[in-house]
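*Asks:* I have a structure here, written as structure tokens, and I will follow up with some questions on it.
What follows draws every value from the coordinates through simple rules; no lab data is involved. Just so we're clear, the structure is a prediction, and the values are computed from it rather than from any experiment. Every residue, glycine among them, receives a Cβ derived from its backbone with ideal geometry; neighbour counts consider all protein chains shown.
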Amino acid sequence: MGGKTENSRYLAKQLLDRIAEKRHMIQVVVGPRQVGKTTLCRQILFQIKIMSQYHTADAVAGAGGAWIDGVWEALRVSMKINGADEALLVIDEIQKVEDWSEFVKKNWDADTFNGIGIKLIILGSSRLLITHGLSESLFGRFELNVLGHWSYSEMRDVFGFTPERYAYFGAYPGTAAFTDDEKRFKEYIRDSIIESVVSKDILQLTQVNKPAMLRQLANIGISYSAQIVSYNKILDGLDGAGNTTTLSHYMRLLDEAGVVCGLQKYSKKSIIQKQSIPKFQVHNQSLLCALLPYSYPEVTADCAVWGRFVESAVGTHLIAEKSRLRGGKIGYWRKTEGRNTYEVDFVFEYNGKILGIEVKSGAGSGRFKGFGKFKEYFPEAMTLVVGRDGIPWEEFVAGKIEHLF
């Protein structure tokens, strides 16, 4: 990866501290593809003093629960041969093992009963599947650790990215080395990330009745990042029959896989949020860059297109901050009264406090009337302009959201 980020350093220290504890719980590390989960654990394996083994289900075709039993038993035998009281077992891409949680539970409980000191870290790139298995079988036995997409400040510190390169090329550390070759960069994002996530993390591991529709939704959601588009309008352009409930479910799968989400209209009433038109938002700007037919010079030279990239970059920053804080709520706000429509680009709620954010990346008439109407409904809310007439967007994406509350 070229270096450790602040978040990965913090998580590495946290995992090392927990491995050293006498009463160890299962440590679960989840996050999107290509954000450094495997690298993080290999760094941990290099630092610890106890016996350790690393295994990945990605390398075993059709890995089943017997594979987990096998690697676990092999470590038990090695401990006996070497007279070791404790050891660390790391299992990567565990979501690819059918009924993995049942086999982990069986082996973990057996070791606990027999006093065998095997400590466990499991990694997975599909948060939805991982947490489903945890809640079903491993209640009270695990701690969840989330490693999210890289932030601008991390790409800047490790790879020397400028804010503009972050807004366009995004934040996959593995692609930083070839951003000067846009054709290669975009092909890699499309083939090795988008297609891999859809085919391996979703379609192979989840019941999806309309795979073609999910793929189309992924492409539409990414391409329309930072825009509000109704599911009914999307259905009109999709192949095959479907309904908004199906699209909403597929959007949740794409969100949990770290691809794209549909931000809901901010409201204190959950029914209004669930019924709202989504605002699409990519988790990583690389995805938007890869699917739109523009080059870096073309995007930065077109004020309208660049403005959309900047707004989307602010959204990816907010998602990364929400992941880092392990809390908060992100949405947008819109209200139509008569012929007038009032909007606030993003609303971030944290620790009971509300922040409305309006992104203005260039010249033109302001939309500050949205703030006025927003404050009528949420008088306790704070408001912030990011860009022209406010905090520079370059500073905003480099900062920490909690400093604003």
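*Asks:* Hey, with R₀ at 51 Å, roughly what FRET efficiency would Phe368 and Val60 work out to, going by the Cβ-Cβ distance, to 0.05?
*Replies:* Using R0 = 51 Å, I get an efficiency of 0.35.
*Asks:* Between the stretch 246-262 and the stretch 378-402, how far is it from one alpha carbon centroid to the other, in angstrom?
*Replies:* 27 Å
*Asks:* Another question, then. Beyond 21 Å, what share of the Cα-Cα pairs of the stretch 75-182 is found? Please give it as a whole percent.
*Replies:* Details: 3155 of 5778 pairs.
Pairs farther apart than 21 Å: 55 percent.
*Asks:* Let me ask something else about it. Treating each Cα of the stretch 283-394 as an identical point scatterer and ignoring solvent, apply the Debye formula and state log10 I(q)/I(0) at q = 0.14, 0.21 Å⁻¹.
*Replies:* Result of the Debye calculation: -0.64, -1.22.
*Asks:* Kindly provide the Kirkwood hydrodynamic radius of the chain in Å, to one decimal, from all pairs of distinct alpha carbon atoms.
*Replies:* Computed over the chain, the radius equals 22.7 Å.
*Asks:* Counting only residues 5 or more places away or on other chains, whose amide H sits under 5 Å from the amide H of Ser52 once H atoms are built in the peptide plane?
*Replies:* Long-range HN contacts for Ser52: Leu88.
*Asks:* Size of the dipole of the stretch 6-146 about the Cα centre, Lys and Arg at +1 and Asp and Glu at -1 on the beta carbon, nothing else charged, in debye to 20?
*Replies:* Values: 17 positive and 17 negative charges, 89 e Å.
Dipole size: approximately 420 debye.
*Asks:* Take the Cα atoms of the stretch 202-248, find their three principal axes, and give me the spread along each one in whole Å, biggest first.
*Replies:* On the principal axes, the stretch 202-248 reaches 29, 20, 16 Å in Cα extent.
*Asks:* With a point put 7 Å past each Cα toward its Cβ, work out how far Phe46 is from Ala398 in nm, to one decimal.
*Replies:* Taking the two extended label points, one gets 2.9 nm.
*Asks:* If you don't mind, there's one more thing I want to ask. Applying the Karplus parametrisation 6.51 cos²θ - 1.76 cosθ + 1.60 with θ = phi - 60° to the phi angles of the stretch 284-295, what ³J(HN,Hα) value in whole Hz is obtained for each residue in order, glycine and proline being reported as x?
*Replies:* Once rounded to whole Hz, the list reads 8, 4, 4, 5, 5, 4, 5, 9, 8, x, 10, 9.
*Asks:* Sticking with this one: Whole angstrom only: what separates the Cα centroid of the stretch 135-201 from the Cα centroid of the stretch 22-73?
*Replies:* For the stretch 135-201 versus the stretch 22-73, the Cα centre distance is 20 Å.
*Asks:* Near Lys200, which aspartates and glutamates are there with a Cα under 16 Å away, not counting those fewer than 8 places off in the same chain?
*Replies:* Partners within reach: Asp58, Asp92, Glu93, Glu98, Asp191, Asp255, Glu256.
*Asks:* Distance in nm between label sites at Asn209 and Ile277, each 7 Å beyond Cα in the beta-carbon direction?
*Replies:* Between Asn209 and Ile277, the label points sit 2.7 nm apart.
*Asks:* Where the only charges are on Cβ atoms (+1 Lys, Arg; -1 Asp, Glu), what is the dipole of the stretch 282-405 about its Cα centre, to the nearest 20 debye?
*Replies:* 340 debye
*Asks:* Let me ask another. When ranked by the protection proxy of mean other Cβ atoms within 10 Å per residue, highest first, what sequence do the peptides 384-393, 89-98, 317-326, 108-117 form?
*Replies:* On the way: 384-393: 16.8, 89-98: 22.7, 317-326: 19.5, 108-117: 13.4.
Order by mean packing, descending: 89-98, 317-326, 384-393, 108-117.
*Asks:* Identify the residues of the stretch 273-312 with backbone N under 19 Å of a label point that sits 7 angstrom from the Cα of Arg388 along the Cα-to-Cβ direction, or state none.
*Replies:* 299-312
*Asks:* On C-alpha positions alone, give me the angle between the axis of helix 6-20 and the longest principal axis of the chain, in degrees, nearest 10.
*Replies:* It works out to around 30 degrees.
*Asks:* Helix 244-256 versus the longest principal axis of the chain: what is the Cα-based angle in degrees, 0 to 90, to the nearest 10?
*Replies:* With both axes taken from Cα atoms, the answer is about 60 degrees.
*Asks:* Counting only DSSP beta bridges with both residues in the chain, tell me the antiparallel percent, nearest 5.
*Replies:* Bridges in the chain that DSSP calls antiparallel: roughly 40 percent.
*Asks:* Mind checking the full-extension length gain between Val146 and Glu98? Use 0.36 nm per residue of separation minus the Cα-Cα distance, one decimal, nm.
*Replies:* That works out to 15.1 nm of additional length.
*Asks:* Turning to a different aspect of this structure: Rounded, prolate or oblate, given the Cα gyration tensor of the stretch 170-256, with a/c below 1.5 counting as rounded?
*Replies:* Judged from the Cα gyration tensor, the stretch 170-256 comes out prolate (a/c at least 1.5, a/b above b/c).
*Asks:* Helix 303-325 versus the longest principal axis of the chain: what is the Cα-based angle in degrees, 0 to 90, to the nearest 10?
*Replies:* Long axis of 303-325 versus the principal axis of the chain: about 40 degrees.
*Asks:* Sequence neighbours fewer than 8 away in the same chain don't count; with that in mind, list the lysines whose C-alpha is under 22 Å from Lys335.
*Replies:* Lys233, Lys265, Lys268, Lys269, Lys274, Lys279, Lys353, Lys360, Lys369, Lys373, Lys375
*Asks:* Restricting to DSSP H runs of at least four residues, report the calculated mean residue ellipticity at 222 nm for the chain, -39500 (n - 2.57) per run over all residues, nearest 500 deg cm²/dmol.
*Replies:* So the calculated ellipticity at 222 nm is -13000 deg cm²/dmol.
*Asks:* How big is the dipole moment of the chain about its Cα centre under a simple scheme where the beta carbon of each Lys and Arg is +1, that of each Asp and Glu is -1, and everything else is neutral? Debye, nearest 20, please.
*Replies:* The dipole of the chain has a size of about 880 debye.
*Asks:* Within 13 Å, Cβ to Cβ, of Ser192, how many net charges do the neighbouring residues add up to if Lys/Arg are +1 and Asp/Glu are -1? Kindly include the intermediate steps, with their values, before the conclusion.
*Replies:* On the way: positive: Arg33, Arg184, Lys186, Arg190, Lys200; negative: Glu187, Asp191, Glu195, Asp201.
Taking every other residue near Ser192 into account, the sum is +1.
*Asks:* Per residue of the stretch 49-54, in order, report the coupling 6.51 cos²θ - 1.76 cosθ + 1.60 (Karplus, θ = phi - 60°) as ³J(HN,Hα) in whole Hz, putting x for Gly and Pro.
*Replies:* Going residue by residue, I get 9, 8, 4, 8, 9, 10 Hz, with x marking Gly and Pro.
*Asks:* Report the extension gain between Lys106 and Ala20 in nm, rounded to one decimal, defined as 0.36 nm multiplied by the number of residues separating them, less their alpha carbon distance.
*Replies:* 28.7 nm
*Asks:* Let me ask another. Mean 1/r over all different Cα pairs, inverted: what Kirkwood radius does the stretch 6-146 give, in Å?
*Replies:* By the Kirkwood definition, the hydrodynamic radius is 15.1 Å.
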